[in-house]
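Colleague: Sharing a structure, written as structure tokens. Questions coming.
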């Protein structure tokens, strides 16, 4: 059984570092996101970059290229760039000026808040919600905003865990852009 198509290419293209990207348009409603058929999305290199299953979507000026894949209920928005062998899945959010270029590692806090670590051209970064931190910035943020609470302690432990997992999986270096 073939999965029905969730989106199509609009016919608009643009070049990004020598890669031709194609703009997408929804063919169906995604009620969970408040989007209706006809909504114009972001830019992908090929259909393999964005699953036709689930509510995954690419918005605005966001780009997905290479062997990267967005699936599940994941969202890529703003000026975010997802490339290389990156996988953005589940309920992950990549937004703003975030860059994800390799496989990233994700962990959830007990309240469902999602933390990820990924290699970027500037070194590893922690992504949590709309936040984009170095390790030191992440630790400082959660100490200042949630210090002494269970969620604060969980956040600090998750940052420590993600830092160790990044080193184990080779994500602790600067990624090529």
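Readers should treat all values here as calculations from the given coordinates under stated rules, not as data from a laboratory. Computed from a predicted structure; not experimentally measured. Glycine also receives a Cβ, built like all others from the backbone with ideal geometry; neighbour counts cover every protein chain displayed.
Colleague: Helix-only mean residue ellipticity at 222 nm, the chain, DSSP H runs n ≥ 4 weighted -39,500 (n - 2.57), per residue, nearest 500. What is it?
Modeller: Mean residue ellipticity at 222 nm (helix-derived): -6000 deg cm²/dmol.
Colleague: Oh, and also: For the chain, give me the percentage of DSSP beta bridges that are antiparallel, rounded to the nearest 5 percent.
Modeller: Of the beta bridges lying entirely in the chain, close to 65 percent run antiparallel.
Colleague: By what distance, in whole Å, do the Cα atoms of segment 1-100 stretch along each of the three principal axes, largest value first?
Modeller: Each principal axis gives a Cα extent; for segment 1-100 these are 33, 28, 27 Å.
Colleague: By DSSP, what percent of the beta bridges with both residues in segment 1-100 are antiparallel, rounded to the nearest 5?
Modeller: If I count the DSSP bridges inside segment 1-100, around 45 percent turn out antiparallel.
Colleague: By count of other Cβ within 10 Å, fewest leading, how are 118, 130 ordered?
Modeller: 130, 118
Colleague: Relative contact order for the chain: what percent, with Cα pairs under 8 Å and sequence separation of 6 or more?
Modeller: For the chain, the relative contact order is 12 percent.
Colleague: Could you state the orientation-averaged shadow area of the convex hull built on the Cα atoms of the chain, in nm² to one decimal?
Modeller: Taking a quarter of the hull surface, the average projection is 10.7 nm².
Colleague: Any chance you could check the Cα centroid distance between segment 19-43 and segment 67-139 for me, in angstrom?
Modeller: 21 Å
Colleague: Separate question: When 115, 17 are ordered from fewest to most other Cβ atoms inside 10 Å of their Cβ, what list results?
Modeller: 17, 115
Colleague: While we're on this one: Give the order of 2, 149 when sorted by the count of other beta carbons within 10 angstrom, beginning with the fewest.
Modeller: Ordered from fewest to most neighbouring Cβ atoms within 10 Å, 2, 149 come out as 2, 149.
Colleague: To continue, here is another question. If eta is 0.692 mPa s and T is 37 °C, what Stokes-Einstein diffusion coefficient results for segment 102-177, Kirkwood Rh from Cα pairs, in µm²/s?
Modeller: Once the numbers are plugged in, D ends up at 267 µm²/s.
Colleague: Ok, one more. Between the helical axis of 135-146 and the dominant principal axis of the chain, each derived from Cα atoms, what acute angle in degrees is found, rounded to the nearest 10?
Modeller: 80 degrees
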